[in-house]
Amino acid sequence: MDFSVIMPTRNRPQYLVQAVESVLAQDDVTFEILVVDDGIIALPTLTDGRIKILSNNQRGPVPARNLGVANAKGGHIAFLDDDDWWTESDFLSRAHEILMY
């Protein structure tokens, strides 16, 4: 697996779906998505097998990222906040090329 995408989220399910979709749209690279839930609002249903949900029990953004990294299985880590998204479908494949250069 090339990348583990760590996606901390806290009570913003309306943004989370678009962020996850931007990762699922990535071409020519293997990845897992680790959604680290730090809030109290229920997450939307995320059924893709590449997505794993972790609970951070409202400990904050730094522990959320650390929990994601501790559970990552990819060769590289990418962070994407729940209110951001990647607009280019080759973002991760270009990053992989650069990292492997």
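Brief remarks on what is shown
- Output for segment 87-101, where each listed residue is outside any loop (DSSP other than H, G, I, E, B) and either surrounded by 13 or more Cβ atoms within 10 Å (Cβ to Cβ) or within 12 Å of the chain's Cα centre (by Cα) (or both): 91, 92, 93, 95, 96
- In segment 21-30 there is at least one residue that is part of a helix (DSSP H, G or I) and either open to solvent by less than 40 Å² (accessible area, probe 1.4 Å) or in contact with a Cys (Cβ under 8 Å, 6 or more places away or on another chain) (or both).
- Scanning segment 3-20 for residues that are in contact (Cβ under 8 Å) with a residue 60 or more places away in the chain and surrounded by fewer than 20 Cβ atoms within 10 Å (Cβ to Cβ) turns up 10, 12, 15, 18.
Okay, residues lined up against (1) of a type in the set (Lys, Arg); (2) part of a loop (DSSP other than H, G, I, E, B); (3) open to solvent by less than 40 Å² (accessible area, probe 1.4 Å):
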residue	(1), (2), (3)
39	no, yes, yes
43	no, yes, no
69	no, no, no
77	no, no, no
85	no, yes, no
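- Residues being open to solvent by less than 80 Å² (accessible area, probe 1.4 Å) and of a type in the set (S, T, N, Q) - total across segment 47-67: 2
The values are calculated or read from the model by the stated rules, or taken from the named source; none is laboratory data. Computed from a prediction, not measured in an experiment: that's the story for all the values here. With ideal geometry, Cβ positions are generated from the backbone for all residues, glycine too; neighbour counts draw on all protein chains shown. With ligands, DNA and RNA removed, areas are computed over all heavy atoms of the protein, side chains included. Shrake-Rupley method; radii C 1.70, N 1.55, O 1.52, S 1.80 Å.
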